[in-house]
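Notes follow once the structure below has been shown.
Every number here is computed from the coordinates shown, using simple stated rules; none is lab data. Note that the structure is predicted; figures quoted are calculated from it, not measured. Here the Cβ positions follow ideal geometry from the backbone for every residue, glycine too, while neighbour counts run over all protein chains shown.
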Amino acid sequence: MLTFILNYTAIQSRLDPHFYSPNFSRAQHLLKEVESVPLGELIEFSSESWNQEDYFDDLFPYIEISEIDIETGCIKNISTLLKSEAPSRAKKIVRENDIIVSTTRPSRGAISLIDSSKDGFIASTGFAVLRDFKIEGILRKYFFYILRNEQTLNQFMQRSSGGNYPAITEDEMKKVLIPVPSESIQKRIVQILDEAYEKKKRNEEEAQQLLNSIDAYILDKLGIKLAEPKREQEFRVDVNQLSGRLDPFYYQPQFLAMVKAIQNGMHDVLFFEQLMIDLTNGKEYRSYSEKGFRYLRVTDLKKWGLNNSDPRYINIEKIPEQIRLSYDDFLISRSGSLGLVSVVNDETIDTVLSSHIFKVLLDTKKVLPNYLEAYFRSTIGQFQFFRNNNGGIVPEINQTALRNLLVVLPPKDIQEEIAIEVSKRILEANELIVASESSMRSAKQEIVNILFN
């Protein structure tokens, strides 16, 4: 519990302790040491609204908060909606060069600069629309970057109120201090961040190319050739092709073609259960703690590794024996996001599995865990999870379906070769991502140093 003392002369209109946190106070002190201007004195907040009668015929383009990429500020997707089905929040008109700022959870940084292609689009009332500068000498690109700067986002957090979804009013946003250096320094800051974002983009594209190349490599090593999938509305299935399930989804031609391609490869094909020694469900815990054992959920698994952005912990004395992990145990998501697999390593050895993850003890005399991980992450592995989904609204695969997945099993030396090469490409991709993140952190720190000496 954080305790601090506040001089009564520092009390403003707010009386909540959150507003006066020492972290915020230090940031305010920094901003007052340099030339800073309240946001409301720097730029106009647009009130231009759409009455849903003028503009557009039947359809209109709609910008939602969830579509703003908080890493880059780009708008990932524009929804095209019927005017008759327009949500009540579809009210604000945006223009070229406007900057839109999410007022819900504003410290996330859902902030975007509107380009000419989106002039006249409709945005949610959850955005504040910043339009014309009130003073001269402000570069719009600098202004966009400084709004996304940590010092500004912290002020958004300070002036927000609410519980799980804190929000900031436009009146409170107008009080946020924005540093206004000379135009030459603004240009320097824009150059530094432009170069950092460009490098980040190049590295991410190169990393994605490496990851995308893995699938073709695995198929080639296994001698599997996949035809272009054909989606047919009507198809016929011979009775001898039926195997347990009777729903049309399971027997779609593209699925049967995949199975045929697997069976026609150059290596043996086994059912997954032939490679299992034991199969166990995880255990459900609903009370989280700030310390204890990490509780591994499906959301903690990614296609190429572990997601550490939001770890959860449970405070128990010891891990239940039936779900205690050993090195080389094989983890598989049971519901939610299907097809996520991971081999237990140093990072996960002391975690507790949620009930939505299977633990598989493999017969390592037959199969190398890292080969199996690469195989199930490939097209021929992923389609089987998708095909064997037996859930309703929430995708799910049960133990019976899991045991019946097909596994191409080459000799051990080829398994090892595939596992090593795939691990190498994943490592190279991760190094590119880490390098770009490090470069971006350095660039942002350089901006802080420039602004605050």
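Please report Val94, Val448, Val180 as a ranked list, fewest other C-beta atoms within 10 angstrom at the top and most at the bottom.
With the sparsest Cβ surroundings first, the list reads Val448, Val180, Val94.
For region 8-179, with only Lys/Arg (+1) and Asp/Glu (-1) charged at the beta-carbon, what is the dipole magnitude about the Cα centre, in debye rounded to 20?
Charge dipole of region 8-179: 640 debye, to the nearest 20.
Loop-only trypsin sites (Lys or Arg not before Pro) in region 349-453, please: DSSP not H, G, I, E or B, and at most 12 other Cβ atoms within 10 Å.
Details: sites: Lys359, Lys365, Lys366, Arg377, Arg387, Arg403, Lys412, Lys424, Arg425, Arg441, Lys444; in loops: Lys365, Lys366.
Passing both the DSSP loop test and the Cβ count: Lys365.
Report ³J(HN,Hα) in whole Hz for each residue of region 347-355, in order, from the Karplus equation J = 6.51 cos²θ - 1.76 cosθ + 1.60 where θ = phi - 60°; Gly and Pro get x.
6, 10, 4, 10, 9, 10, 7, 6, 5
Considering the dipole of the chain built from charges on the beta carbon (Lys and Arg +1, Asp and Glu -1) around the Cα centre, which of Gln209, Pro410, Leu275 is farthest to its positive end?
Leu275
What value, in deg cm²/dmol to 500, does the helix sum -39500 (n - 2.57) over DSSP H runs of n ≥ 4 give at 222 nm once divided by the residues of the chain? Mind showing how you got there, number by number?
Working: 11 runs with 152 residues, N = 453.
Computed ellipticity for the chain at 222 nm equals -11000 deg cm²/dmol.
Residue by residue through region 267-283, which ³J(HN,Hα) values in whole Hz follow from phi under the Karplus form 6.51 cos²θ - 1.76 cosθ + 1.60 (θ = phi - 60°), with glycine and proline marked x?
For region 267-283, the Karplus curve yields 10, 4, 10, 10, 6, 4, 4, 6, 10, 9, 9, 8, 9, 9, 7, x, 10 Hz.
About the Cα centre of region 268-409, what is the dipole size in debye to 20, counting +1 per Lys and Arg Cβ and -1 per Asp and Glu Cβ, all else neutral?
300
Sort Tyr217, Tyr142 by Cβ crowding within 10 Å, fewest neighbours at the top.
Numbers: Tyr217 15, Tyr142 21.
The fewest-first ordering by Cβ neighbours comes to Tyr217, Tyr142.
Using +1 on the beta carbon of Lys and Arg, -1 on that of Asp and Glu, and nothing else charged, what's the dipole of the chain about the Cα centre, debye to 20?
720
Using each residue's phi in region 118-124, evaluate 6.51 cos²θ - 1.76 cosθ + 1.60 at θ = phi - 60° and report the 3J(HN,Hα) Karplus result to the nearest Hz, with x for Gly and Pro.
10, 4, x, 6, 9, 10, 5
Based on other C-beta atoms within 10 Å, arrange Trp304, Trp50 from fewest to most.
Ordered from fewest to most neighbouring Cβ atoms within 10 Å, Trp304, Trp50 come out as Trp304, Trp50.
In the chain, if the dipole is taken from +1 on Lys/Arg beta carbons and -1 on Asp/Glu beta carbons about the Cα centre, which of Val94, Ser182, Ile380 is farthest to the positive end?
The residue sitting most towards the positive pole is Ile380.
Using modelled amide H (1.01 Å from N, peptide plane; none on Pro or chain starts), what sits under 5 Å from the amide H of Ser289, excluding residues fewer than 5 places away?
Result for Ser289 returns Tyr313, Ile314, Asn315.
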